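J.: Here it is, the structure, as C-alpha cells.
The values are calculated or read from the model by the stated rules, or taken from the named source; none is laboratory data. Note that the coordinates shown come from a computational prediction; the quantities given were computed from them, not determined experimentally. All Cβ positions, even for glycine, are placed from backbone atoms using ideal geometry, and neighbour counts span all protein chains on display.
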C-alpha cells in the first residue's frame, strides 16, 4: 500500500508548507505511513492530466491512498474532481480530503459529498474572479491607479505581532514554530523579520 500526498500552489508566492503540515498531522492521526509527497507550482487552469496529479493517478494501485489538503487542490472544475474520484474508485484506491476529514472510497455518499464540495469551490472561484474584474473595471473607469502601490507597504499584518515575535526570537523559538503560533506562512514571517532587521 502506498500513500501519495499531492501538494499544489498556483504561484511560487503561495506557501506549500501549510498544506504539508496539515497532511502530516492527518496522516499521523490515521497511521498512514510512509507518505510520498508530490508537489508542483502550476495553475489549476492546466488540465489535471497534464499536471503531477495525472501522473499520481496513473501510478495508483489497489489499496493505495491519495491525500490532498482540500478539494480545490485536486482540480479546477467539479467535473475534473469527479473524473479523478472515478478513476481512483476503479483502481480500488481511497482519496483523503484533509480539510474536511473525509475519505472518498467510491461509495455513492462520498461521491455526492465530493460533488457538492467541488461545486462550492468552483462557484467561489468564479465569484472571486467576477468581483475582481468588476473592481478593476470600476477603477479604470474612474482613472484610478491599477495594481499594487510602488514601494514597500507602510503597515503590514505582522506589525501588530511585533512584541510577540521579538519575544519568541529572544527565547530562541524556531521561526517555523513562531509562524505556526501567529498563523502565517514561514515565508511571510521570514520576509517581515528581514524587513524589520530583527
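J.: Of these, 91, 154, 99, which one is more than 30 Å from residue 64 (Cβ to Cβ) and either modelled with pLDDT of 85 or more or surrounded by fewer than 16 Cβ atoms within 10 Å (Cβ to Cβ) (or both)? Steps first, answer last, please.
T.: On the way: 91 fails: more than 30 Å from residue 64 (Cβ to Cβ); 99 fails: more than 30 Å from residue 64 (Cβ to Cβ).
So the residue among 91, 154, 99 that is more than 30 Å from residue 64 (Cβ to Cβ) and either modelled with pLDDT of 85 or more or surrounded by fewer than 16 Cβ atoms within 10 Å (Cβ to Cβ) (or both) is 154.
J.: Looking only at segment 8-51, which residues are surrounded by 15 or more Cβ atoms within 10 Å (Cβ to Cβ), modelled with pLDDT of 90 or more and touching a strand residue (DSSP E or B) at 6+ places or on another chain (Cβ under 6 Å)?
T.: 23, 27, 32, 35, 37, 38
J.: So which residues in segment 103-135 are farther than 15 Å from residue 71 by Cβ and either surrounded by 12 or more Cβ atoms within 10 Å (Cβ to Cβ) or assigned by TED's automatic domain parsing to the domain that holds residue 63 (or both)?
T.: Residues satisfying the conditions are 105, 106, 107, 108, 109.
J.: Would you mention how many residues in segment 163-175 are without any contact (Cβ under 8 Å) to a residue 12 or more places away in the chain and either assigned to a helix (DSSP H, G or I) or surrounded by 16 or more Cβ atoms within 10 Å (Cβ to Cβ) (or both)?
T.: So the count comes out to 3.
J.: Is there a residue being in contact (Cβ under 8 Å) with a residue 60 or more places away in the chain, crowded, with 17+ Cβ neighbours inside 10 Å, in the same structural domain as residue 19 (by TED's automatic domain parsing) and over 17 Å from the mean Cα position of the chain (by Cα) anywhere in segment 53-61?
T.: No, there is no match, as no residue in segment 53-61 is in contact (Cβ under 8 Å) with a residue 60 or more places away in the chain, crowded, with 17+ Cβ neighbours inside 10 Å, in the same structural domain as residue 19 (by TED's automatic domain parsing) and over 17 Å from the mean Cα position of the chain (by Cα).
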